[in-house]
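Beneath this line is the structure, given in structure tokens, with notes to follow.
Taken together, the values in this text are just the output of simple stated rules run on the coordinates, not laboratory data. No experiment lies behind these values; they were computed from the predicted model shown. When we count neighbours, we look across all protein chains shown, and the Cβ atoms used for this are built from the backbone with ideal geometry, even at glycine.
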């Protein structure tokens, strides 16, 4: 049986469980999420991202709201798989080793907003799951026809052997901060988490077995959240300049997400569920920037933000006859934040290095062993 329960002894090295088991041979990755892991979905569905996005790796815009690679790209590299094609992209796609259903602005729970209002995508998690179902069904039909498209499609029997990754929830909190009181948002979190669990359960019923679940990052540390703050009250910001209340809400979301993943392990007996503490990886970087070779974590690489003039990455604005352009900084690899909302490639690489070895996961196993079930406690 491909999915095994860990019954052998393990030795802990540096906080990571090293097992006497071979690495998983994931044939594919199926990813669900928002802009933190979107490799071209929202760009294909709406307006393509423009330069200088992508300039520091792809040398051109590549559907990612970053100067280069995202964490999901480093995951693919680590598993020796190609970068994921976006499901919504019809040109030049190859789904042999998986597909990416993530789109920028996506939420777990549908929002009562018009299409892409306030940056919210119409492709919420439930729609991404519908897209996966359609993709799987269509793949099976085309594969059985043995036509020329077969080489670009996954083998039907490999869906159960793939890794299913999630990085979503940040925009649910962002929408809540805009529309709800803190009390209302806290009251909404259980429903958001339950809808996430429903998506996992559905995929399990479709044969998915290995799940790699990222929690949400310190949203209060995004420069877009702190850029317009003037003379904050004592205690509003933490020692690193992040909005304390927003980060506390993110931690509450993560606490409930972790509890739900633990319950899913019981409810889905053949699933291998890994909960990944991305929050700690990101906040650890933000709180220790100088020792990691980065500049001020609240500085933005791409864009013009001076003297109360804010021009976002790649945009051109005329103010009182003066032209302003949101250009890239001279040394993107020293910045944590790329455009005010999204992390730079250098930061994504650092974060990937922190999470892929399993040191911030429960169970503490590397992603290469994420097909193995959590041992009974």
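Distance between the C-alpha centers of segment 264-294 and segment 338-377? Whole Å please.
About 6 Å separates the Cα centre of segment 264-294 from the one of segment 338-377.
As a test of the definition: which semi-axes, in Å, follow for segment 183-287 when you take the square root of five times each eigenvalue of its alpha carbon gyration tensor? Largest first, please.
Semi-axis lengths for segment 183-287 are 32, 14, 10 Å.
So how do 65, 224 line up by other beta-carbon neighbours within 10 Å, fewest first?
224, 65
Among 170, 233, 256, which one shows the highest mean-square fluctuation when the chain is modelled as a Gaussian network with alpha-carbon springs under 10 Å?
Per the Cα network of the chain with a 10 Å cutoff, 233 tops the list.
Pick from 324, 196, 26: which is most flexible by mean-square fluctuation in a GNM of the chain where alpha carbon atoms under 10 Å apart are linked?
324
Could you compute the FRET efficiency for residue 299 and residue 143, with r as their C-beta to C-beta distance and R0 at 35 Å, rounded to 0.05? Present the calculation step by step, with values, prior to reporting the outcome.
Working: r = 49 Å, r/R0 = 1.39.
After rounding, the FRET efficiency stands at 0.10.
Counting DSSP beta bridges in the chain, what percent are antiparallel, to the nearest 5? Intermediate results must be reported in sequence, preceding the final value.
Details: 16 of 36 bridges.
Beta bridges within the chain, antiparallel portion: roughly 45 percent.
Pick out which of 347, 51, 210 has the largest mean-square fluctuation in a Gaussian network model of the chain, springs linking Cα atoms closer than 10 Å.
51
Going by C-beta contacts inside 10 Å, put 339, 172, 353, 141 in order with the fewest on the left. Provide the component values of the computation, followed by the final result.
On the way: 339 24, 172 28, 353 13, 141 10.
The order, fewest Cβ neighbours first, is 141, 353, 339, 172.
When the Cα centres of segment 175-239 and segment 27-72 are compared, how far apart do they sit, in Å?
Using only Cα atoms, the two centres lie 21 Å from each other.
At 1.306 mPa s and 10 °C, plugging the Kirkwood radius over alpha-carbon pairs of segment 221-377 into Stokes-Einstein gives what diffusion coefficient in µm²/s?
Details: Rh = 18.0 Å.
It comes out at roughly 88 µm²/s.
Once you order the gyration tensor axes a ≥ b ≥ c over the Cα atoms, which shape class does segment 302-377 get: rounded for a/c under 1.5, otherwise prolate or oblate by comparing a/b with b/c? Spell out each step's value before the answer.
On the way: a/c = 4.89, a/b = 3.81, b/c = 1.28.
Here segment 302-377 falls in the prolate category.
What is the angle, in °, between the Cα long axis of helix 244-267 and the longest principal axis of the Cα atoms in the chain? Nearest 10 is fine, range 0 to 90.
Approximately 10 degrees, to the nearest 10.
So, by mean Cβ neighbours within 10 angstrom, what's the order for 182-191, 95-104 with the highest one leading? Kindly include the intermediate steps, with their values, before the conclusion.
On the way: 182-191: 13.7, 95-104: 25.6.
Descending mean neighbour count gives 95-104, 182-191.
With all pairs of different alpha carbon atoms counted, what Kirkwood hydrodynamic radius in Å does the chain show?
On the way: mean 1/r = 0.0468 Å⁻¹.
Here the Kirkwood hydrodynamic radius works out to 21.4 Å.
Kindly identify segment 32-156 as rounded, prolate or oblate by the Cα gyration tensor criterion: order the square roots of the eigenvalues as a ≥ b ≥ c, call it rounded if a/c is under 1.5, otherwise compare a/b with b/c, prolate if a/b is larger, else oblate. Write out the running numbers ahead of the final one.
Working: a/c = 1.95, a/b = 1.22, b/c = 1.60.
Oblate, because a/c is 1.5 or more while a/b does not exceed b/c.
Specify the angular offset, from 0 to 90 degrees and rounded to the nearest 10, of the alpha carbon long axis of helix 125-145 from the longest principal axis of the alpha carbons in the chain.
50
By how many degrees, 0 to 90 and rounded to 10, does the Cα axis of helix 182-205 deviate from the longest principal axis of the chain?
That helix lies at roughly 30 degrees to the long axis.
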